[in-house]
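The values are calculated or read from the model by the stated rules, or taken from the named source; none is laboratory data. All of these numbers come straight from a predicted model, not from anything done at the bench. All Cβ positions, even for glycine, are placed from backbone atoms using ideal geometry, and neighbour counts span all protein chains on display. Calculation scope for accessible area: heavy atoms of the full protein, side chains included, ligands and nucleic acids excluded. Shrake-Rupley method; radii C 1.70, N 1.55, O 1.52, S 1.80 Å.
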Amino acid sequence: MKEKIVAIDLGTSHLTGIAGERQPDGRFNIICCETVDTDGALQRGNVYNRDKTASQVGLLIGKLEGHLKGLYIDRVYVGVGGHSLRTVTSIETADIAEGVAVTLDDLGVMYQNCLSHRIDLLDRLDVAPAVYYADGQRDSNPVGVSCRRLEAHYKLIFGKQSIRRDIDSIFNGEKLHQEVAGIIITPLALADAMLSSDEKEVGCALVDFGAGVTSVTVFKGGELLGLATLPMGGNNITHDMERLPLPSAVAENIKKQYGSAVYLKEDEGKTINIDSDGVLQNLSLDHLHVIVEGRAKEIVENVHERILRIIDPKMLGAGIVVAGQASELRNLTESLAEKTKVKVRLSAIRQGLVSGSEDLCGELTSLQAVAIMLQGTKDCVSPPITPAQPVVEDAATAKPVKDKPKSKPFWVRERGKNQPKPPKPQAEPPKTAESEETKPPTGDRSGSQSGGSNIKKIKTFVGDLFNEDE
């Protein structure tokens, strides 16, 4: 049976699950994709309510299993984000003896040294592939190279310590008993799924606009330069619109239909009619654009500032790639391009990674889940356990079974020649209120006067059984 990978993306506004089958050529065939609302169980990409999250995850897994034709989901890959994610650079060195080539052991020692880095109150979640330099010259695989000094540049990804604890509590708690096949850093998985090796080489930034968190991942020279996150996203715009006042669901729909990251002059003086809980009200598009543009501009400026901390945007030869459900906001890419002065395009899963359901890979709500699935290496499902069926023999060929002789009761079995005659057993005393375990039997077992006649009958009956003269 082909490997089936199941992945779940823990997003702020919704949980997305996906199941895919790995093909012989390495591509994935997507079987199904399901989404459930978080119902406020996650905030800014972090678990807020464990019990509610576990309930929603269980609902999501049940929906996925409904598409798997009787297969059970044993384990899942879980994608995590959150505003606490960050990268730390670790440079490890090794002195190589003259005339001696670099070995795998040298790389292993440097890797273990990089794992010794600790940050208070943070947990190391992942380590990006190292970039090696042999005597100052970059080398993707220095094993076998003769040099005197070897450097390994690592990027360690850290996050809040509660991330692992929350995942373990949710998937291995009272409500779920699900094995976690691996914790995947969603922004890095997205980069692998969307950016080509050429784009990473010439320089590219991936910006994932989520509901509660926006992440920025930057590559240059084929290596990860940095990962940064912002505690803001599409929900911030929705919350601002609720002050109009509008219910949250209505504000979200209005934002998607009429919102724009850039003020639209053609909408000056226009109004729209809104049905808010059965109450009709007029909303000025001028007022709407001012609110949406103001918050969108703040997010874009913060994204630009995070990129500047890592690299000058002008050095990004492949520009900026935008992902995330919040990137649906009209003119957001134009606003980001105007601010950074580089080209910006919408993201998509690279061709050749999935087959079938290619349209699913373009949906913004499923991109993260697809990217997490592509990182999977372990089969995540198993067939149902069926009870063993009894073997029915052919009546024509089955051998007749001889009846075993019935065993005689111990009191009528034949005794050996040297076996003494058993003594006549004495009758049990009648039960009293006291426990037999706490009150040992006495020598006199004739019982009380009220039960004496019954005991005599028992003695007479037992004595007759052991009477050999009969």
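Just want the answer: with Cβ charges of +1 for Lys and Arg and -1 for Asp and Glu, which residue in L336, L246, L280 is farthest toward the dipole's positive end in segment 234-348?
L336
Taking 22 Å as R0, compute the FRET efficiency from the Cβ-Cβ separation of D39 and S162 and round it to 0.05. The partial results should precede the final answer.
Details: r = 20 Å, r/R0 = 0.90.
Plugging the Cβ-Cβ distance into 1/(1 + (r/R0)^6) gives 0.65.
Per-residue HN-Hα couplings for segment 211-228, Karplus 6.51 cos²θ - 1.76 cosθ + 1.60 at θ = phi - 60°, whole Hz, x for Gly and Pro?
Values per residue, Gly and Pro as x: 6, x, 9, 10, 10, 10, 10, 10, 10, 7, x, x, 10, 6, 8, x, 10, 9 Hz.
Quick check: at a probe of 1.4 Å, how many percent of the accessible area of segment 32-86 sits on carbon and sulfur atoms?
It is 41 percent, rounded to a whole number.
Pull up all non-local amide H partners of L125: gap of 5 or more, or a different chain, and H-to-H distance under 5 Å with H placed in the peptide plane.
I157, F158, G159
Just to verify a number: what accessible area does H177 come out at with the full protein assembly present, 1.4 Å probe, Å² rounded to tens?
Surface open to solvent at H177 totals about 150 Å².
Determine how many Å³ per residue the convex hull of the Cα atoms of segment 67-169 encloses. All intermediate terms of the calculation are to be shown ahead of the outcome.
Values: hull volume 16.3 nm³, N = 103.
Convex hull of Cα atoms, per residue: 159 Å³.
In square angstrom, what is the accessible area per residue of segment 1-100 with a 1.4 angstrom probe? List each step's numbers first, then the result.
Details: 4430 Å² over 100 residues.
I get 44 Å² per residue for this part.
Could you pull out the pairs from K220/K339; K52/K200; K69/K160; K2/K220; K69/K255 whose alpha carbons sit more than 28 Å apart here? Don't skip to the end; give the middle numbers.
Numbers: K220/K339 20 Å; K52/K200 39 Å; K69/K160 38 Å; K2/K220 36 Å; K69/K255 39 Å.
Cα-Cα > 28 Å for K52/K200; K69/K160; K2/K220; K69/K255; rest within.
With an 8 Å Cα cut-off and a minimum separation of 6 or more residues, compute the relative contact order for segment 196-324 in percent. Please report the intermediate quantities before stating the final value.
Values: 203 pairs, mean separation 41.1, N = 129.
That works out to 32 percent.
Using modelled backbone amide H atoms (1.01 Å from N, in-plane), which distant-in-sequence or interchain residues come within less than 5 Å of L346's amide H?
Those qualifying (amide H under 5 Å, at least 5 residues apart or on another chain) are V322.
When only DSSP loop residues count, what GluC sites (Glu not before Pro) in segment 75-154 have their Cβ near at most 14 other Cβ atoms within 10 Å? Walk me through the numbers on the way to the answer.
Working: sites: E92, E98, E151; in loops: E98.
When the GluC sites (Glu not before Pro) of segment 75-154 are filtered for loop state and at most 14 Cβ neighbours within 10 Å, E98 remain.
With a cap of 15 neighbouring Cβ atoms within 10 Å, and only residues DSSP puts in a loop, list the trypsin sites (Lys or Arg not before Pro) found in segment 42-81. List each step's numbers first, then the result.
Details: sites: R44, R50, K52, K63, K69, R75; in loops: R44, K69.
Qualifying residues, ordered by number: K69.
When ligands, DNA and RNA are left out and all protein chains stay put, how many square angstrom of accessible area per residue does segment 151-309 have with a 1.4 Å probe? Mind dumping the intermediate values first?
Details: 6720 Å² over 159 residues.
That works out to 42 Å² for each residue.
Can you give the accessible area of R164 in Å² (nearest 10), computed on protein heavy atoms with a 1.4 Å probe?
Answer for R164: close to 100 Å² accessible.
Quick one: pull the percentage of alpha-carbon pairs in segment 148-307 with a separation above 30 Å.
On the way: 5157 of 12720 pairs.
Summing the P(r) tail past 30 Å for segment 148-307 gives 41 percent.
Distance in nm between label sites at E328 and V100, each 7 Å beyond Cα in the beta-carbon direction?
Calculated label separation equals 6.0 nm.
What are the trypsin sites (Lys or Arg not before Pro) within segment 200-307 that DSSP puts in a loop, where the Cβ has at most 14 other Cβ atoms within 10 Å? Intermediate values should be presented prior to the final figure.
On the way: sites: K200, K220, R243, K255, K256, K265, K270, R295, K297, R306; in loops: R243, K270.
Taking segment 200-307 and a limit of 14 other Cβ atoms within 10 Å, the loop trypsin sites (Lys or Arg not before Pro) found are R243, K270.
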